[in-house]
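So the structure is just underneath, and the comments pick up after that.
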Amino acid sequence: MRSALALFDTCSMEVESSTGHSYEHRMVRGHQERVCGPKTNQLYGSAYQYGSFGDIQQAAIIIVEKALKLEAARERWQRLVMNPEAATDVDSLTETVEAGLEFIAEFGPQKLVLTTLTSQCVQAEHLAALLRATSTWSCEVIGWNAALQVAKGAADLAGLDPADVLFGMI
């Protein structure tokens, strides 16, 4: 059995997620694996797979599964945050906080990207809950400070007092 990375110089495959998004998966020997969205060119995950595999497909499948797991975890925390009409009961807010913390525990705070959020497309209280839960990593979460301003704008749009919703953060 040989190392999977020794079997190829470049390996490329098209992957479709459960949400219908299509991603190009490419591995280059000696470099990190990446999964790129073809339209945004945004990196969705990176991992370096070590080990011995009987064939390249087995190694590629493991890495693709990791990338799809990252996307599923991202969709979980986004589900309520990016729904302006989402319920704001304790159970719903707890679900958002748990999803955010589990995401960080599994993938690290650097993979939590908040730069794409806009005031019109978020639920202020869910975003505030996520920001409060992740405030320990505010310097590591990409776009955390910008998301704080988005939450402030979303609270204004919803007719809520931003100072109340974001108490202690602004």
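For the reader, a short list of remarks on this structure follows.
- Two-site FRET efficiency, Ala146 against Glu65, from Cβ-Cβ distance with R₀ of 30 Å, rounded to 0.05: 0.45
- Projecting the Cα atoms of Thr118, Phe103, Met82 onto the dipole axis of the stretch 82-170, where Lys and Arg carry +1 and Asp and Glu carry -1 at the beta carbon, places Thr118 farthest toward the positive end.
- Distances between placed amide hydrogens fall under 5 Å for Val113 paired with no residue 5 or more residues away or on another chain.
- In whole percents, the pair-distance distribution calculated for the stretch 82-170 from its alpha-carbon pairs, binned every 5 Å from zero, is 3, 16, 28, 27, 19, 6, 1, 0.
- Here the extension length gained between Glu106 and Asp91 equals 3.2 nm, from 0.36 nm per residue of separation less the Cα-Cα distance.
- Counted by Cβ distance under 14 Å from Asp156, the other residues give a net charge of -2, where Lys and Arg count +1 and Asp and Glu count -1.
Bear in mind that the values in this text are calculations on the coordinates, not laboratory data. Everything numeric in this text was worked out from a predicted model, so none of it was measured. Because the Cβ atoms are built from the backbone with ideal geometry, glycine has one as well, and the counts that use them run over all protein chains shown.
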